[in-house]
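Heads up, the thing below is written out as structure tokens.
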Amino acid sequence: MKWVTPKNGFDEVFDARGRARPHYAALISILESFTKEDVERRERLQQLTLRNQGITFTVYGEKDGLERIFPFDFVPRIIPAAEWKGIQDGLIQRITTLNLFLSDVYQDQKCLKDGVIPAELILSRKEYKRALLGLVPPRKIYTHVVGTDIIRNDRGEYLVLEDNCRVPSGVSYVLENRNLLSRVFPEFLGSYPVRPIKDYPTLLLETLRFVAPRRGQNPVVVLLSPGIHNSAYFEHSFLAREMGVPLVEGRDLLVEGNHLFMRRTHGKRQVDVIYRRIDDDFLDPLAFRRDSMLGVPGLLNVYREGNVALANAPGAGVADDKSVYAYMPRLIKYYLGEEPLLPQVPTYLGHKKDDFKYIAEHLDRLVVKTTGDAGGYGMLMGPFASTKERETYLAAMRKNPGNYIAQPLVELSTHPTHIGGKFEPRRVDLRPFILYGDRIRVLPGGLTRVALRPGSYVVNSSQGGGSKDTWVLAPRDA
Amino acid sequence: MILSRVADGLYWMGRYLERAENATRLLLVTEELSTEVLGLDEELARAAWQDLRAIFPGFPESEPPFRQLAALASASLLGLSIDQENRFSVFYSLKKARDNARSVREALTLEVFINLNETYRELEGMSRRHLADPATFRSAMQSTHRGLMSTVGAIEHTLPRDAGWLFLKLGESLERVFRTVVILRIKLPALVSAEPKVDLPLFYSQWRSLLRGLSCLENYRKVFGARLEPIDVLQFLLFDPLSPRSVRYGASAVKEHLDRISSASELSQPARIVGKLAAELSYQGHDLIRDGQILPFLDHVLTELGRAHDALSTVYFGT
């Protein structure tokens, strides 16, 4: 077995002297007991399983959308119990704040009046839905499912990179990765007290049922998907199957007398809760985008009347805006009176004059992102861009400075990853999933995404990223 | 009760699976017949390929006629096996079955999806060059056929007998009886009139091939013995009450599924159409064949099946 250690950045497995960290020692010795041929055989089996089970995502921009396997690396990432405790507490603090913030933005707007966050920053966002002002969602929950991206800096500290409050995806791969690993490398799990994750669909369903407007009867929950061509369709179908709820498309639903129904072969049936995996703008052509073919005409009226719950609530996207992120430490203090438990990356805001000046002068040291985009689209990696690329990007920024934020390049942590017969360091991040229902629950672990290209910082699946199984260890005395 | 879209998806998944299976089987049988008779009667081999192209009419009309039999055979083999544009190729049907399965995956089991997906992936990996070799072609088609059979087995053994299952089986049974009638309609005119001209072994080869093309040769022998009398073969293919690919059995299967889908109190429009048809087939017999009324009768069956499909689309799928 050959282990290559990284030149810079925090290594998840080996310390500065090249010794395995204690919680990785057992795994490393198991891996070293395998021959190269063993590993290759197992890896082939793993590929075959992914392919045959159709565990795929769809890449846009190619004819008909190409189905691809989401690459999986079998070397698991291990998080000790104490480290996880810190992450979990920080995440609960964040989702609580995000929900209070959304409640405030759509009711009294106290945080804007108190100047905690500039009003124009919120009110000008297209994710801020004026039409929803004053509307209280069932159980006052906006963010039922949140995926927060976490990275580690060169000292190994966990930092929040962004929150995803709209339709975070990836949890199906978390579950499938665990299945796959226990099938292909059963030796691994046997030697660690790994916290189980299989009950996620059950907890998700509980979370969704909790917000059903009709109390005291069996609520009808559905998962709303844009359909088979969506990049995350595999996940939609997976979660619907795991929860045992119907997967519906917009055309399956209809509004009658301010109630929502699904069309069935023998008449219609009322729907109480929609776990929607389509963006706000496409939900209802009468309320938002008129050209949307994916949504349900009149859905927002039913929601407004309180006859259906939507998870996540429409308008929640304003909370995961990249410029709102910069204000999260202040918002945590404002709503909870607490210090943030998880640090985050320093952020310069395009809409602030001083910040913009700084960004323009230090473009070669910064990562610049557009506030509205996700999935690694529309960003500039300053240190790796050519002078010309930076100039072009800056010219675009000047037209709409408020649309950009910049952050110093964080040297992401790396994790040994099996590539071409060797274990090479590749950069990783972590997306834990948090559910907000009758209480807040954090799925132990989450999706570890890995940048498979050597030297790459971009872990998004649409940009050549893969994933790993993520283990949270149970506390010793538990 | 299920979503109309899901019922629609399952219905078409059933139809396309059945169509893929039919095309695979007929390709194998036609290739074999063509090889068998080629040296004796080239015209007969040519006719077999032309029939196959009429049964699965997915070839472009602009295609020039083939002078060489070998060119016709190879274009037909490739066109109906892996051609992605041909709407009746095995690949096309498998892809459609899989697309429909993906869109209603929550109504299926993992076993069903994996079997279908593996069969599709395997065929997708075949290249034209690969299939040009007859032995490889045969083994590839046999492998696809096995994959389809295990998919059907997974459907049989893992799916709950709910409304979804009924729509899947409805699609399968409707496609099956429809395709059987199309095959008969295209093959019979030549077969019936050819009797005096062709020499006897070749004549029987064709009837045997017809039975094999409908998976009926062994079942026929169980009823009538090894002797192939045209009138017996017709009687069997049209009216046998037990063979799953006879027209009578097929129509009854469609009727049974439609009856179970219909609400208890009242028969639906499609159930009425197919119910009448199934009754006709149960009471018809030899005289129809003797009186030469067989072709108009087959046309009538096709019309009624088309009406049934339209009616069920309207009633259940809202399309």
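Computed from the coordinates by the stated procedures, all read-outs in this text should not be read as laboratory data. Predicted model, so just to flag it, every value in this text is computed and none were measured. Don't worry about glycine lacking a Cβ; one is built from the backbone with ideal geometry, like all the others, and counts go over all protein chains shown.
Quick notes
- Per-residue shielding of A:51-57, expressed as the average number of other chain Cβ atoms within 10 Å of the residue Cβ, stands at 4.
- Cut-off under 5 Å, modelled amide H: who pairs with A:Leu224 long-range: A:Val248, A:Tyr275, A:Arg276, A:Arg277
- Note: region A:292-426, Cα convex hull, 225 Å³ per residue.
- Signed unit charges on C-beta, dipole axis of chain B, positive-most listed residue B:Tyr120, B:Ala101, B:Ala23: B:Ala101
- Alpha-carbon spread of region B:160-319, three principal axes, descending order, Å: 55, 32, 26
- Among beta bridges identified by DSSP and lying wholly in the protein assembly as shown, the antiparallel ones come to about 75 percent.
- Shielding by other protein chains, A:265-272, mean Cβ within 10 Å: 4
- Here the scattering of region B:79-229 is modelled by Debye summation over its C-alpha atoms, one equal scatterer each and no solvent; at q = 0.10 Å⁻¹ the log10 of I(q)/I(0) is -0.48.
- Helical content alone sets the calculated 222 nm signal of chain B at -24500 deg cm²/dmol, taking -39,500 (n - 2.57) per DSSP H segment of four or more residues and averaging over every residue.
- Loop-located trypsin sites (Lys or Arg not before Pro) across region A:194-238 with a Cβ neighbour count of 16 or fewer within 10 Å are A:Lys198, A:Arg214, A:Arg215, with loop assigned by DSSP.
- Span-like helix criteria (full DSSP H runs; alpha carbon extent of at least 30 Å along the helix axis; mean Kyte-Doolittle hydropathy of at least -0.5) are satisfied in chain A by A:81-106.
- Greater than 24 Å apart at Cα, pairs in B:Lys222/B:Lys255; A:Lys198/A:Lys333; A:Lys126/A:Lys352: B:Lys222/B:Lys255; A:Lys198/A:Lys333
- The phi torsions of region B:308-317, fed into the Karplus equation with coefficients 6.51, -1.76 and 1.60 and a -60° offset, translate into couplings of 4, 4, 4, 5, 6, 4, 5, 5, 9, 9 Hz, rounded to whole numbers, with Gly and Pro shown as x.
- Taking amide H positions as modeled 1.01 Å from N, with prolines and chain starts lacking one, the residues under 5 Å from A:Val75 and 5 or more places away or on another chain are A:His418.
- Taking the DSSP beta bridges with both ends in chain A, the antiparallel portion is around 75 percent.
- Kirkwood-based shape ratio for region A:1-90, expressed as Rg/Rh from alpha carbons: 1.07
- Shape call, chain A: gyration tensor on alpha carbons, a/c limit 1.5: oblate
- The C-alpha radius of gyration of region A:348-408, expressed as a fraction of 2.2 N^0.38 Å, stands at 0.97.
- Between region A:190-261 and region A:380-453, the alpha-carbon center distance in angstrom: 28
- Of the peptides B:248-257, A:267-276, the ranking by mean beta-carbon count within 10 Å, highest at the top, reads B:248-257, A:267-276.
- Net +/- balance of residues flanking B:Gly79 in space, Cβ distance below 14 Å, scoring K and R +1, D and E -1: -2
- Overall, the ratio between the Cα radius of gyration of region A:28-165 and 2.2 N^0.38 Å, rounded to two decimals, is 1.56.
- Three-way shape label, region B:1-127, alpha-carbon gyration tensor, a/c 1.5: prolate
- Legend: mean number of C-beta atoms from other chains within 10 angstrom of residue C-beta atoms, peptide B:101-110, equals 5.
- With the convex hull drawn over the C-alpha atoms of the protein assembly as shown, the volume per residue is 202 Å³.
- Cα gyration tensor, region A:101-244 - rounded (a/c under 1.5), prolate or oblate: oblate
- Whole-Hz Karplus values for region A:311-325 come out as 10, 6, 5, x, x, 5, x, 5, 7, 9, 4, 5, 7, 5, 3 Hz, taken residue by residue from phi with 6.51 cos²θ - 1.76 cosθ + 1.60 and θ = phi - 60°; glycine and proline positions read x.
- Take A:23-31, A:97-105 and order them by the average number of nearby Cβ atoms within 10 Å per residue, most first; the result is A:97-105, A:23-31.
- Rg [Å, one decimal], Dmax [Å, integer] - region A:377-458, C-alpha atoms: 17.8, 52
- Percent of C-alpha pairs per 20 Å bin, chain B, short to long: 32, 59, 10, 0
- Value of [θ]222 nm, deg cm²/dmol, for chain A, DSSP H segments ≥ 4, -39500 (n - 2.57) each, nearest 500: -9000 deg cm²/dmol
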